[in-house]
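I have placed the structure first, in the form of structure tokens, so that the comments after it can refer back to it.
The values are calculated or read from the model by the stated rules, or taken from the named source; none is laboratory data. Everything quoted here is computed from the prediction, not taken from an experiment. Quick reminder, even Gly has a Cβ in these numbers, built from the backbone with ideal geometry, and neighbours come from all protein chains shown.
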Amino acid sequence: MQGGDNNWTCPGLSGSQIRGCLVKSETQVDDGATLLIVEDDPAMLVAFRDILEREGYVVSTATNGTDALAALQKDNPDLIMSDISMPGMDGVELYKAVRQSPNGAAIPFIFVTARGTREDIFAAKALGVDDYITKPVTSHELLAAVRARLQRSDELMLIQLKAVLRAMANAIEARAGEYTLRHVEAVNAYTQALGLELDWTQDDLDALEFGAILHDVGKIGVPEKVLSKTGPLNEDEWAEMRMHTIFGAHMIEGNPYLESALPVVRHHHERWDGGGYPDQLAGGDIPIGARLLAVADTFHAMTSDRPYRAALSPQEAFQEILSQSGQQFDPAMVQAFESCWHRGDIAKIHKSVQSIAEEDSIIIAA
Ligand SMILES: [Fe+2]
Ligand SMILES: [Fe+2]
């Protein structure tokens with residue numbers, strides 16, 4: 001993220017720690033992840049444990065499949081690495097039992113074994129095992145396999161998390177009526193365009209995506225009669241509506257995966273001139289992600305039909321955004337929006353959001 005006024009980071013976590021919560025880089029030491037090693041050779045078990053603990057992993061061990069299943073329940077590992085040939089329950093049986101266990105279905109599972117014939121490898125892959133390493137194995141190979149599997153697992157988790165959050169956010173928006181169709185997707189698309197224009201890093205763009213998805217999630221706490229009112233809100237109703245920023249912030253605080261979105265969720269209705277809500281922050285005191293999203297959020301609101309007024313044209317909404325530079329909006333964000341506008345990015349996003357929303361209304365009307 002640019003400049004010294006980066007207020008994006010959430011309390012108690014640095015930018016890299018937030019990123020660490022979301023996606024781990026290939027070379028990053030994955031300290032804190034818990035690994036379960038299953039190996040009946042004591043010397044080999046100690047060697048594996050030492051290599052992995054030196055890298056900061058938390059390691060639990062078992063010498064056969066039965067003990068490993070007990071450790072699975074107790075230690076809730078992020079990854080399992082197992083031998084195949086072991087007394088009692090062997091590695092293949094363990095793999096099948098883990099996959100049938102409710103808390104083991106998605107855990108990355110690696111075989112590390114001396115059985116390295118083509119048939120063995122084919123049989124293991126056919127089972128669906130995530131990786132297969134043959135002994136002797138170097139520490140480099142071991143760590144590379146563990147890191148790759150943990151990273152892939154995090155990426156998949158992140159994709160699923162975003163999908164679930166999007167569905168939840170859309171359901172909450174739907175309480176306010178059809179005009180909010182695709183609000184989350186639209187705001188996300190506009191914010192990503194602005195973030196790219198400002199050369200924000202991938203980490204910051206990821207955090208921005210969470211902010212866009214979750215920015216209005218606190219509307220779950222606003223009465224439906226206020227959200228779906230077809231006329232302008234009275235003062236009491238506005239007070240209830242404004243609470244969505246505080247409700248939303250309370251909903252995600254304390255969650256390490258979502259907390260990077262907290263500044264956006266709480267502060268996306270602050271104004272550059274200090275006249276916004278909930279904390280009347282002004283200028284650079286407003287978190288930068290919230291300053292950026294405010295422009296995108298307002299543009300989409302203005303270009304959407306409301307029960308009590310028709311949508312403004314994109315051109316009219318653009319002029320309105322320009323006129324609010326230095327009042328409602330951060331001039332730097334308005335400038336970024338203007339650049340995206342002149343390049344045609346805003347028109348492109350507006351067009352695709354419109355066509356998806358029209359398809360949605362056809363489905364709803366059918
Ligand atoms: Fe909002
Ligand atoms: Fe919004």
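Picking from residues in segment 303-321 that are at pLDDT below 95 and not in a loop (DSSP other than H, G, I, E, B), the one that is farthest from the chain's Cα centre (by Cα) is Arg309. Whether a residue is more than 11 Å from ligand 2 (Cβ to nearest atom) and farther than 20 Å from Lys351 by Cα was assessed, and Leu198 passes this test. For beta carbons closer than 6 Å, sequence separation of 6+ or different chains, a first residue in segment 55-78 that is farther than 21 Å from Val92 by Cβ and a second that is in a loop (DSSP other than H, G, I, E, B) and acidic (Asp, Glu), the qualifying pairs are Gly56/Asp31. Between Asp305, Asp285, Asp273, Asp297, the distinction of being over 26 Å from Pro331 (Cα atoms) and in the same structural domain as Tyr190 (by TED's automatic domain parsing) belongs to Asp305 only. Among the residues making up segment 237-260, those that are in a helix (DSSP H, G or I), over 13 Å from Ile220 (Cα atoms) and either out of contact with any helix residue (DSSP H, G or I) (no Cβ under 9 Å at 6 or more places or on another chain) or within 13 Å of ligand 1 (Cβ to nearest atom) (or both) are Trp238, Ala239. Screening segment 229-259 for residues that are more than 20 Å from the chain's Cα centre (by Cα) and of a type in the set (Gly, Ala, Ser) and picking the one that is surrounded by the fewest Cβ atoms within 10 Å (Cβ to Cβ) gives Gly231.
Taken over segment 271-286, the criterion of being within 11 Å of ligand 1 (Cβ to nearest atom) and touching a Gly at 6+ places or on another chain (Cβ under 6 Å) is satisfied by no residue. Where helices (runs of 4 or more DSSP H) fall entirely within segment 172-235, those with at least 1 residues that are in contact (Cβ under 8 Å) with a residue 60 or more places away in the chain and not charged (D, E, K, R) are at 183-197, 202-214.
Restricting Val222, Val164, Val217, Val226 to residues that are within 18 Å of the chain's Cα centre (by Cα) and within 16 Å of ligand 1 (Cβ to nearest atom) narrows the list to Val217.
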